[in-house]
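What follows is a set of notes on a single structure, which appears directly below.
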Number of protein chains: 2
Amino acid sequence: MPVMPGKKVVVVGAGPVGSLAALYAACRGFEVEVYELRRDLRNADTTPLNFTKSINLALSERGINALRSAADDVLLDKILTQTIPMHGRMIHTRSATGALSQQTQLYDVHGSFLRSVDRAGLNDILLDHLDSLPNVTFFFQHKLTGADFSQKKAWFEVMNKSTPSSGRAREIEIDFDLLIGADGAHSATRFHMMKFARMNYHQEYIDCLWCEFRMPPDKSGDFAIHPNRLHIWPAGSFMFIALPNLDRSFVCTLFGPVGLFNKLEAGLDSDLVSMFDKHFPGVTTHIKPEDLIAQFKRNPHLPLVNLKCSPHHFGDSVVIVGDAANAMVPFYGQGMNAGLESVRVLFSKLDQAQTTAQGLANYTAERVTDAHAIADLAIANYTEMRSSVTSKFYKVRKYIEESLDKYLPSLGWATQYSRVSFSNMRYSQVIEKSQRQKLILTWALRATVLAGLYGGAVVLPYLWSRRSQTFLWRP
Amino acid sequence: MPVMPGKKVVVVGAGPVGSLAALYAACRGFEVEVYELRRDLRNADTTPLNFTKSINLALSERGINALRSAADDVLLDKILTQTIPMHGRMIHTRSATGALSQQTQLYDVHGSFLRSVDRAGLNDILLDHLDSLPNVTFFFQHKLTGADFSQKKAWFEVMNKSTPSSGRAREIEIDFDLLIGADGAHSATRFHMMKFARMNYHQEYIDCLWCEFRMPPDKSGDFAIHPNRLHIWPAGSFMFIALPNLDRSFVCTLFGPVGLFNKLEAGLDSDLVSMFDKHFPGVTTHIKPEDLIAQFKRNPHLPLVNLKCSPHHFGDSVVIVGDAANAMVPFYGQGMNAGLESVRVLFSKLDQAQTTAQGLANYTAERVTDAHAIADLAIANYTEMRSSVTSKFYKVRKYIEESLDKYLPSLGWATQYSRVSFSNMRYSQVIEKSQRQKLILTWALRATVLAGLYGGAVVLPYLWSRRSQTFLWRP
């Protein structure tokens, strides 16, 4: 794409993905305007993001790589020093004798790790950096109400500060050369784009709700549990997880079927506490029962959606990135990473193409496949966490794959999890490779079993026939 | 539902489905407010509806039944006298010798027929009638910009008459007890409802565009072709159809894959005419080639979408009907009929329930199944029209089913088409019954063939063995 100073890129949404899109556009010399529905997220009086978004996230290679391609070392350092390494999962269970058991599963044989990051903190750093750039302007409390993507015009309602969602609002009309929609799963950009593009669209809620809790530091002010782990309390169809924060607290999340939530909402306070004591051993030592109850009542119980659409652009005027194009369930920890990566892919396609229209078409052509792939992986992981993980065959395969990765790295063997979390391989390719590996391993295992049977069939009778002649083998 | 005068029902959308919803609500004593994005459709200067909607439609039993349940005889008569009966399809082909062939297939052995109706005409009659009711108020040029379905509040932008889609707009806030979204496939109601309800949603464009043409009356001012037929020119992957109008013209539609449209758009004018002459015999005798070309260039080339969602309501505050809940491809001629029927079903559920919330929940529980069923049937008919219709087995089954219906009506045997178009049986039940019939017939046919083979295997050798003894049978 020819760099065209003076050309205007409008970004809708000033979350981490929108901020990164603004940064990429600013680096290329565009005039960038960022429109955000809410107030400036850095103001203390702005509604906390945890109303509909999780507070902290696992940042992994794809997210970091997308930041790396736009940010200088200083900015990247500033972001990474605000994160906490998580080298593996810690699985909390109770043994048959009732004793607490904490088992660590390292993520990767090569020492790769995830980083727990505070969404708002990451957002602040990016917004501050954008503020320092001469060609970026912010418009907070501006709500996209309409767009004409043939004429490249958009309309925003300027939200009245005193009555944010009612009253006589003022509407402004703006022109743009390219509009980037980074306005989340309920994207207004996508809604208006659907009137222009012939978009295939699919969204489905899974039977799972989530609710956040805070586990405070212990009495000495330190982390209550191991800081460098992603903690999981598995319980079949539901689970509890915890990610560390810089202030030495943990943000925890309860995931469970709608039915469980309905039962807990209708039940007694003590039912909630005994459910925790039964299935999530140790938690009520760190979150006081009264806090647990209060937080369950105060914090929203939110749904999880799986969203796929195609195309991700229309003509040369609009494109969607992040959750707006590809919202997924959180069970692979890839939502924000995929969102940040989508910005990197978009601009690499724009950089390589002769025209914006061609660049956007190339972005859709590549990204839709990968977006669908990670959405499918995330759903599959949801199933896996609840069933496959306990199957013997699954465990054997996982062990063999990890050993191959560790001892024969030249084979290029790696687990799916490691490719998703610690590489930048296209998601669709990760699936292909994993399926090929799975096939090879399945046949290898079958061959081994058959060889064993065959060997037994041949060798045992032979040994049997010699049993009287030797003392080496005794039945 | 207890009738509650003074309670306010807001209907979004004043098309045929929205108008009927307003009529149902008005009959039950509600204060009804109807908000419509466009100007009053009855003004001559309002953009013609054919910009995105087809001009005329096939009204069948479900649509009429829904009107019948709300309208008195005078109103229903006024509507039906504005329709033209179509007793069957007329299939236009060219024989091997090149001669034109026009073959009539009656719709139904009992003489049932479809009615060609002008969408705008039907709409006008309903709007005029609503205007005469004391408890209905219209608000044209009001665009739904937001809604809070927990607080039962909605915001509408009052469109400036001089600059309908830009400038400083005025926004109003209204309260309601129940909001009914009848605002079409691109429903803003549904968009805002999706922020409250956990809605599974699926939309998919099929590889088919459509473009409308007008076939004028002949020189003597009469219908150019048979007025009481739905005319079809089949051509494999594409086709041309014509429905009669009261002014003795026909509204015709070309349906074809995107590739065909692209080719025609890029090709010469003469290519369009020769395509018509080759595949749609006789059409250019009635539409002059220069008119055909001009209309293809002037009229929009529009996509077709298949849309499913669930639920169709949220709490006790909002419900969607018609295309907003259930847009389908047009190949079963059921779009508007299903839309009108959805209003009838909605109010029957509200009438029977103790509370609005329960009524809406019952509506979703029943209607989602039927909405998905007719959307599937419409897609299946699209496939059937292009392939199955030519299969011998299909034709035999169709013939047997029609014969059973005609000669043994007490068996309750009927074709799927007849149940969809000429009954009020639930769409999902139609599918069930058809599948059962298909199974029975398939086995009956197989049994017949087997019996024939078996018979042949037993009888033929017997006859063969006797061939020298008798003159009755000669090989």
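When the accessible areas of A alone and B alone are added and the area of the pair subtracted, with a 1.4 Å probe, the result is around 2600 Å², both sides summed. A Cβ-based charge dipole, computed about the Cα centre of segment A:205-302 with Lys and Arg at +1 and Asp and Glu at -1, lands at about 120 debye.
Within 10 Å of the Cβ of each residue in A:297-304, the mean number of Cβ atoms contributed by other protein chains is 1.
When you filter the trypsin sites (Lys or Arg not before Pro) in segment A:195-245 for DSSP loop state and at most 10 other Cβ atoms inside 10 Å of their Cβ, you are left with A:Lys219. Placing +1 on the Cβ of every Lys and Arg and -1 on the Cβ of every Asp and Glu, with no other charges, gives chain A a dipole of roughly 1800 debye about its Cα centre. Sorted from nearest, the other copies put their A:Gln105 label points 5.8 nm away, the label point being 7 Å from Cα in the direction of Cβ.
The other copies place their B:Glu173 label points at 2.7 nm from this one, listed shortest first, where each point is 7 Å from Cα along Cα→Cβ. Take A:23-30, A:128-135 and order them by the average number of nearby Cβ atoms within 10 Å per residue, most first; the result is A:23-30, A:128-135. Neighbouring Cβ atoms from other chains, within 10 Å of the Cβ of residues in B:148-158, number 2 on average. Under 19 Å Cα to Cα from B:Lys406, which lysines show up? Leave out anything in the same chain fewer than 8 places away. By straight Cα distance, B:Lys406 reaches B:Lys395, B:Lys398, B:Lys433, B:Lys438. Counting only Cβ charges, +1 for Lys and Arg and -1 for Asp and Glu, the dipole size of the protein assembly as shown around its Cα centre is about 3580 debye. Among the residues of B:192-201, the average count of other protein chain beta-carbon atoms within 10 Å of the residue beta-carbon is 4. When all protein chains stay in place and ligands, DNA and RNA are ignored, the 1.4 Å accessible-area order of A:Trp155, A:Trp464, A:Trp443, largest first, is A:Trp443, A:Trp464, A:Trp155.
Using +1 at the C-beta of Lys and Arg and -1 at the C-beta of Asp and Glu, which of B:Gln102, B:Thr83, B:Ser348 has the Cα lying farthest in the positive direction of the dipole of chain B? The residue sitting most towards the positive pole is B:Gln102.
Ordering B:Phe223, B:Cys208, B:Gly184 by the projection of their Cα atoms onto the charge dipole of segment B:168-244, which places +1 on the Cβ of Lys and Arg and -1 on the Cβ of Asp and Glu, puts B:Cys208 at the extreme positive end. Dividing the helix sum by the residues of the protein assembly as shown, where each DSSP H run of 4 or more adds -39500 (n - 2.57), gives a mean residue ellipticity at 222 nm of -13000 deg cm²/dmol. Distances between equivalent label points of B:Val258 across the copies, with each point positioned 7 Å along Cα→Cβ, amount to 3.4 nm, shortest listed first.
Here each label is just a point 7 Å from Cα along the line to Cβ, and for B:Leu246 and B:Asp269 those points are 3.5 nm apart. Only one residue of B:Gly236, A:Ser421, B:Leu360 has its Cα farthest out toward the positive end of the dipole of the protein assembly as shown, where Lys and Arg carry +1 and Asp and Glu -1 on Cβ, and that residue is B:Gly236.
At a probe radius of 1.4 angstrom, the accessible area of chain A per residue rounds to 45 square angstrom. Return the carbon/sulfur percentage of the accessible area of the protein assembly as shown, one whole number, probe 1.4 Å, all protein chains in place. The nonpolar share, carbon plus sulfur, comes to 56 percent.
The values are calculated or read from the model by the stated rules, or taken from the named source; none is laboratory data. Treat the numbers as computed from the prediction; the structure is a model and nothing was measured. Note that we place each Cβ from the backbone using ideal geometry, even for glycine, and neighbour counts take in every protein chain shown. We work out accessible area using only protein heavy atoms, side chains counted, and drop any ligands, DNA or RNA first. Shrake-Rupley method; radii C 1.70, N 1.55, O 1.52, S 1.80 Å.
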